[in-house]
1. In the stretch 40-105, what trypsin sites (Lys or Arg not before Pro) fall in a loop by DSSP, with at most 15 other Cβ atoms inside 10 Å?
2. With an 8 Å Cα cut-off and a minimum separation of 6 or more residues, compute the relative contact order for the stretch 306-367 in percent.
3. Between D183, D121, D354, find the one with the highest GNM mean-square fluctuation for the chain; connect C-alpha pairs within less than 10 Å.
4. May I ask you to compute the full-extension gain from D135 to A47, defined as 0.36 nm times their residue separation minus their alpha-carbon distance, rounded to one decimal in nm?
5. Can you spot the aspartates and glutamates whose alpha carbon is less than 15 Å from K170's alpha carbon? Ignore those fewer than 8 places along the same chain.
6. In degrees from 0 to 90, rounded to the nearest 10, what is the angle of the helix 2-11 Cα long axis to the longest principal axis of the chain?
7. Give the aspartates and glutamates reachable from K82 as a straight Cα distance under 14 Å; neighbours fewer than 8 places away on the same chain don't count.
8. Taking the chain as a Gaussian network, Cα atoms linked when under 10 Å apart, which of S197, S91, S64 shows the biggest mean-square fluctuation?
Amino acid sequence: MSRTLKTLAAAGALLLATACGSSGSSSSSQGAIDPPDLKPQKKIGKAEKSVNLIAWAGYAEDGSNDPKVDWVTPFEKKTGCKVNTKTAASSDEMVSLMKTGQYDAVSASGDASLRLIASGDAEPVNTELVPNYKDIFEGLKNKDWNSVDGKPYGIPHGRGANLLMYNTEKVKPAPDSWSAVFDKGDKYKGKVTAYDSPIYIADAALYLMKHKPSLGIKNPYALDQKQFDASVDLLKKQNANIGEYWSDYLKEISAFKSGDSVVGTSWQVILNTAQDEKAPVKAVLPKEGSTGWSDTWMVASKAKHPNCAYKWLNHIVSPEANAQVAEYFGEAPSNEKACKLTADKNHCRTYHADDEPYWKKVHYWTTPTQQCLDGRKDAKCVPYAKWVQAWTEIKD
């Protein structure tokens with residue numbers, strides 16, 4: 001996995017910034033967005049000979065980074081669709097690129113996916129045209145970040161949880177709560193780390209949801225002004241203890257190895273790599289639960305190669321390809337059958353791929369909207385644009 005991280009670094013796309021989702025409840029998006037009335041494709045026609053993708057680094061490997069890592073070439077040989085991939089460094093970039101009309105599909109994270117749905121840049125998908133959809137874990141279907149009112153807008157790719165990682169030599173007793181980075185963070189002043197993204201405000205909201213119930217937070221992505229202000233205030237207080245906000249996970253690994261960071265948010269792949277490199281670290285899904293992410297392959301409403309796009313969607317979530325990408329990237333696969341095909345037979349156990357009770361504790365990143373995602377009609381929630389503004393103020 002260390003090789004994977006170095007490859008991604010070389011690709012210059014380690015900023016897996018602001019991906020999004022929501023908690024494990026079934027999606028209707030609570031009427032929070034009203035997308036254009038677009039219709040899904042009815043059938044797959046003749047392949048157009050090419051497909052233009054926007055993807056996170058590591059999602060569409062063709063052997064150029066590592067000859068042994070290639071699930072694009074078999075797809076091209078089988079379908080006749082040549083894959084052209086634009087690697088994006090952020091969700092904002094993905095949204096901008098999709099608006100150009102030059103791309104057919106995108107591996108959108110939740111903050112991008114709802115924006116693409118609302119703007120009409122992504123169309124509903126016909127899951128009957130994606131045979132491998134039937135084997136996707138049920139816990140990933142029809143969720144707030146990939147569907148609206150029960151209408152699917154994409155095919156789930158994979159998922160991961162945001163964990164609390166800590167230095168076992170410096171942080172004692174072993175923490176089981178996010179209080180280690182919030183209320184008790186001054187104990188590790190200057191050595192606390194946090195994910196560098198406006199969506200991290202949801203981590204504070206999740207903590208307050210459990211520790212200050214009087215605020216009435218039900219969904220960490222649906223915050224009215226009072227709830228939002230409380231979350232921002234908590235993060236401003238935390239800022240005094242932060243040594244570094246991270247987005248490049250190679251840097252986070254280095255910080256934990258050197259001791260510059262001793263406690264903070266992390267991913268399973270970071271934990272695995274840090275442990276492989278002999279860093280004295282462990283990680284836990286805290287008792288409050290956590291935030292997390294799940295990415296979705298979506299079809300552009302202006303796709304010039306929709307048939308090849310659908311063929312790609314089916315390929316990338318096939319057991320074979322999904323196993324390869326999940327293991328290479330460091331995430332839980334979306335296809336249940338992929339678990340039997342990973343080179344590391346413990347991969348799905350390590351990443352909790354089929355552990356639905358585990359995922360019920362994860363509130364997947366999703367785009368905050370003015371109409372509250374928790375269903376409230378008597379309140380206005382703070383939209384994502386103001387989260388972005390507040391994040392700048394938090395770090396100042």
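1. When the trypsin sites (Lys or Arg not before Pro) of the stretch 40-105 are filtered for loop state and at most 15 Cβ neighbours within 10 Å, K42, K43, K46, K49, K68 remain.
2. 24 percent.
3. Result: D183 has the largest fluctuation of those listed.
4. So the chain would gain 29.3 nm between D135 and A47.
5. D186, D260
6. The angle comes out at about 70 degrees.
7. Here the aspartates and glutamates satisfying the reach criterion relative to K82 are E48, E61, D62, D70, D104.
8. Its mean-square fluctuation being the largest, the pick is S64.
Laboratory data are not the source of any read-out in this text; all were calculated from the coordinates shown. Just so we're clear, the structure is a prediction, and the values are computed from it rather than from any experiment. Cβ atoms come from the backbone with ideal geometry, glycine included; neighbour counts cover every protein chain shown.
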